[in-house]
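The values are calculated or read from the model by the stated rules, or taken from the named source; none is laboratory data. Note that the structure is a prediction, hence the values are computed from the model and not measured. Because the Cβ atoms are built from the backbone with ideal geometry, glycine has one as well, and the counts that use them run over all protein chains shown.
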Amino acid sequence: MILSYTKLAVGLHVVFVETGDAGHVDTGNEPLSTYWNHLTLLSDYGYSSVTQSTLKFMVRSCANSFVSMRTSAPDGTYEIAIGSYDGTKVSFRYNKSNQGDILVSELLNCYGFRPFWIHWTNESFSLGKGFNTSVDKIHELSWIDSYKVSEVGIMTGFGSTGEWIIYYGDNNTDIRATPLSCSLNENSMGITVNQNPEMTSASSYYEKYTPSNLKLDKKSLSSYRRSKTSAPDSRFSALCMGGVGVAVIVTVVMAVVVIDICSVKIKTSDRK
């Protein structure tokens, strides 16, 4: 299910997608003829693997987040399982053949988004952490068949669900700064419980990496000023309630004053 789609003026596209639990589905136990039916195709949201050679994304999931690439070869499917083996490894598969399981620390997190990139050339494709395709490479795999990627799909399974933020269209834009240009609802991705000091949402990731001079003082925002201002209410029921409240307060104060005056007069009379 797509949550929202934003096209920035600079040409960078941002897509938010939720994926449910597809069950015990991967290329090892599902026929390729039906395997792709379980995937969310990024081409449905404007991403073209024909014109693009890089995919940058963030995912929030406990484990078993899949990114699959289909090539122009018959039944040519490359599957990347991020968080396989209870979230501890990245598994690479070609059709039903395992191409390696890489142990990676701090791979996925149930409470926070983690950034990844995939880049391919004529000879191979690579997976890495972060947004910079020149650093933090996890693994590189040479193409076994045709290197022409015709489709890319994402999925979560084996008990896990996921939230994805997909970036594409302009590799020259600093992705870390894009939320300042996106029209996102406040807390649209949710602020989750801090289990440890790391990213817990897309906004907290950008807060960590965005230069301080681009940050806003919340006290200068209209939402903060409105929280300190009483709004008028012209409804008849509100006026009646307010009038009754004022009358009760005045009555109580006047009663106390009258009692004090009477007490003073009584004491004065006794002295005489």
> Which residues, counting only those in the range 81-96, are of a type in the set (S, T, N, Q), at negative phi and touching a Phe, Trp or Tyr at 6+ places or on another chain (Cβ under 9 Å)?
Replying inline: S84, S91
>> Just to verify a result, which residue in the range 11-27, among those that are part of a loop (DSSP other than H, G, I, E, B) and among the β-branched types (V, I, T), is farthest from Y78 (Cα to Cα)?
In response: V25
> Within the range 105-134, which residues are surrounded by fewer than 20 Cβ atoms within 10 Å (Cβ to Cβ) and either outside the structural domain of V90 (by TED's automatic domain parsing) or in contact with a Cys (Cβ under 8 Å, 6 or more places away or on another chain) (or both)?
Replying inline: C110
> In the range 240-272, what residues are assigned to a helix (DSSP H, G or I) and of a type in the set (D, E, K, R)?
Replying inline: D260, K265, K267, D270, R271
> For S68, are the conditions met, namely being modelled with pLDDT of 90 or more and either under 17 Å from K129 (Cα atoms) or among the small types (G, A, S) (or both)?
Replying inline: yes
> When you go through S84, S43 one by one, which is the residue that is within 23 Å of the chain's Cα centre (by Cα) and without any contact (Cβ under 8 Å) to a residue 40 or more places away in the chain?
Replying inline: S84
> Which members of the range 21-42 meet the condition of being surrounded by 14 or more Cβ atoms within 10 Å (Cβ to Cβ) and of a type in the set (G, A, S)?
Replying inline: A22, G28
